[in-house]
Amino acid sequence: ASSATYETWSERAMEFFRDIREGRIRYVYYKVSDCIEVAGIGEIGSANPYTEFCQGLPVDECRFALFNWDMERPLITLVLWAPDNAKVKDKMLTSSCLDNFKQKAAPLADAFAATDIAEIQLESVVDKLKTRYPSYERKW
């Protein structure tokens, strides 16, 4: 018997993972159901990509979300999005896949969990990045 089929990545999920690492997309959302599947992507070229990224997080479902801060070289942040009003089963399933997801997504610039949009405000996330990467300058 298979022990955790929900930790299996769909081919589409892997494809978009490669796309974000290679700078072809700005961000990608993943959801956990029967496997790790793509729930949405963010194209390059938006004037406010981080605002759009935050607006795309659902209010009642969990997600893994990757955001690439630098399209010239991967500088990717992982957000484990688990809003307070998500179902308990969804929170448990998603958080149980976190280690697998982090290993697959490595190396990451940063990783953190958030339950509310206030926890991932642009200024605080950029401050964290600048602490770890002093030469980082946001280019949009």
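The values are calculated or read from the model by the stated rules, or taken from the named source; none is laboratory data. All values reported here derive from a predicted model rather than from experimental measurement. For neighbour counting, all protein chains shown are included, and Cβ atoms are generated from backbone atoms with ideal geometry for every residue, glycine included. Surface accessibility is based on the protein's heavy atoms, side chains included, excluding ligands, DNA and RNA. Shrake-Rupley method; radii C 1.70, N 1.55, O 1.52, S 1.80 Å.
Return the carbon/sulfur percentage of the accessible area of the chain, one whole number, probe 1.4 Å, all protein chains in place.
Carbon with sulfur: 49 percent of the solvent-accessible area.
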Q: At 7 Å along the Cα-to-beta-carbon direction for both V88 and R18, put a label point, then send me their distance in nm to one decimal.
A: 4.1
Q. Which percent, to the nearest 5, of DSSP beta bridges fully inside segment 11-130 are antiparallel?
A. 75
Q) Which order, highest average first, do 105-112, 58-65, 116-123, 80-87 follow once you tally other Cβ atoms within 10 Å for each residue and take the mean per peptide? A) 58-65, 80-87, 105-112, 116-123
Q) Just by accessible area at a 1.4 angstrom probe, what is the order of S10, S124, S135 from largest to smallest? A) S135, S124, S10
**Q.** Residue-normalised accessible area of the chain, expressed per residue, 1.4 Å probe, Å²
**A.** 53
Q | ³J(HN,Hα) computed for each position of segment 106-112 - Karplus, 6.51 cos²θ - 1.76 cosθ + 1.60, integer Hz, glycine/proline x | A | 4, x, 10, 6, 6, 8, 7
Q.
Can you compute the modelled spin-label distance between D99 and S135, with each label point 7 Å from Cα toward Cβ, in nm?
A. 3.5
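Quick check on the chain: helices-only [θ] at 222 nm, where DSSP H runs of length 4 and up contribute -39,500 (n - 2.57) each and the sum goes over total residues. Nearest 500, please. The partial results should precede the final answer.
Numbers: 5 runs with 46 residues, N = 140.
One gets -9500 deg cm²/dmol as the mean residue ellipticity at 222 nm.
Given the convex hull over the Cα atoms of segment 11-130, what projected area results after averaging over all orientations, in nm²? The partial results should precede the final answer.
Numbers: hull surface 27.5 nm².
Computed as one quarter of the Cα hull surface, the answer is 6.9 nm².
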